[in-house]
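The structure appears right after this line, and notes come after that.
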Amino acid sequence: MKKLLQKLTPEKSSGNYLKEALENDEMTLIEMLHGYIYMRWPKAYIGAAMGKNRLTPLFDFIAGLMGANQSPEKREQLKKDFADSYHGKAVPLEDATKLVTLNRPVNTTVSEKVLPYTRARDIVIKNPDHIVLLECPCRASVETPCKPLDVCIIIGDPFASFITKHHPDKSRRITQDEAIRVLEAEDARGHVHHAFFKDVMLGRFYAICNCCSCCCGAIHATRNGVPMLVPSGYIAVVDRRKCVGCGQCHEYCQFDALKVVDGKNRVDPEKCMGCGVCETKCFKEAIHLARNKKSSDPLVVEEL
């Protein structure tokens with residue numbers, strides 16, 4: 001069937017999602033259609049998964065079929081299988097900035113030490129200067145979203161071209177400098193940068209999302225036992241000599257990893273994602289990021 005569709009699909013640039021999906025021997029026809037639906041109607045897709053629109057009953061029905069009559073162990077495995085296909089890795093501002101300022105194509109697969117999944121670990125960036133800013137489907141799906149809405153950064157083709165073609169009213173092309181300004185503004189708001197990967201997005205990295213715990217579906221899923229998010233590979237460390245226990249950094253931590261104990265800040269290593277937001281919010285400069293050897297390895301952009 002895919003071969004027939006490949007013959008019927010007009011020859012277009014390498015930035016065409018359908019053409020690349022048809023040429024990908026590892027993608028099934030169902031996966032190709034899944035990816036098309038995900039990009040074509042992202043708000044409906046994400047909203048249904050978050051229980052925020054009329055498609056939620058259908059989404060719940062399908063999820064119920066997958067988990068129906070399954071043991072608790074099997075349901076837990078289904079959660080892991082889902083995360084294996086769709087996940088994000090926290091990246092500090094410096095590394096997120098490097099991802100949006102690449103000046104060369106990239107074609108690599110990151111190790112399971114960086115992303116502890118077996119699927120969707122490729123970083124294939126064609127036309128790295130093709131960057132699109134998209135209205136965040138998660139924020140757009142909640143009644144009182146964080147602002148601004150346009151904070152999802154789509155990087156490279158075929159994804160950037162697809163989004164601008166099908167969502168001209170909710171997206172716009174931006175320069176690398178504009179992308180940096182978006183990242184810096186979101187960092188100032190205390191939002192976390194996640195590099196997202198998805199199996200039906202040709203098995204690769206395709207976007208940097210700027211996530212908040214009140215709106216982000218991936219953060220909600222992780223809190224509900226679906227391990228969609230991976231720590232950066234770093235952990236926040238508090239200098240107790242400098243810390244005054246003011247609690248200002250707590251207001252910005254999206255993972256509730258900080259609390260004041262005996263007048264000093266303390267980091268919960270089980271919750272800290274190493275995103276670095278708290279580091280920039282401490283006016284006493286009492287917090288810094290250090291390598292977390294108990295976590296996944298960092299995503300080192302220079303090694304891509």
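The values are calculated or read from the model by the stated rules, or taken from the named source; none is laboratory data. This one's a predicted model, so the numbers in the text were calculated from it and none came from an experiment. Here the Cβ positions follow ideal geometry from the backbone for every residue, glycine too, while neighbour counts run over all protein chains shown. When the accessible area is computed, the model is the full protein with side chains, heavy atoms only, and any ligands, DNA or RNA have been set aside. Shrake-Rupley method; radii C 1.70, N 1.55, O 1.52, S 1.80 Å.
Structural remarks
- Restricting region 93-122 to trypsin sites (Lys or Arg not before Pro) that sit in a DSSP loop and have at most 11 other Cβ atoms within 10 Å of their own Cβ leaves 113.
- Gyration tensor verdict on region 103-222 (Cα atoms; rounded if a/c is under 1.5, prolate if a/b is larger than b/c, oblate otherwise): oblate
- Average Cα contact separation per residue, the chain, under 8 Å, 6 or more apart, as relative contact order %: 20
- Surface per residue (accessible, 1.4 Å probe) for the chain, Å²: 51
- 10 Å Cβ shell holding at most 13 others, DSSP loop, GluC sites (Glu not before Pro): longest site-free stretch of the chain: 144-269
- For region 280-289, backbone phi angles converted through the Karplus equation (6.51, -1.76, 1.60; θ = phi - 60°) give residue-by-residue couplings of 7, 9, 8, 6, 9, 6, 9, 10, 9, 8 Hz, Gly and Pro being listed as x.
- For the chain, the longest principal axis of the Cα atoms and the long axis of helix 72-85 meet at an angle of about 80 degrees.
- Pairs spanning more than 30 Å between alpha-carbon atoms, out of 98/293; 74/294; 147/284; 80/264: 80/264.
- When a 1.4 Å probe is rolled over the protein heavy atoms, the share of accessible surface on region 169-304 that falls to carbon and sulfur comes to 48 percent.
- Farthest toward positive dipole pole in the chain [+1 Lys/Arg, -1 Asp/Glu at C-beta], among 275, 205, 138: 138
- Basic side chains Lys and Arg get +1 at the Cβ, acidic Asp and Glu get -1 at the Cβ, and with that the dipole of the chain about its Cα centre reaches some 360 debye.
- Answer label for Cα extents along the principal axes in Å (calculated), chosen among [x] 65, 47, 33; [y] 68, 50, 37; [z] 58, 44, 36: [y]
- In the chain, the longest principal axis of the Cα atoms and the axis of helix 56-67 are about 90 degrees apart.
- In the chain, the longest principal axis of the Cα atoms and the axis of helix 176-188 are about 40 degrees apart.
- For region 165-222: rounded, prolate or oblate by the Cα gyration tensor [a/c cutoff 1.5]: oblate
- Under a model in which nothing but the beta-carbon of Lys, Arg (+1) and Asp, Glu (-1) is charged, region 217-304 shows a dipole of about 380 debye around its Cα centre.
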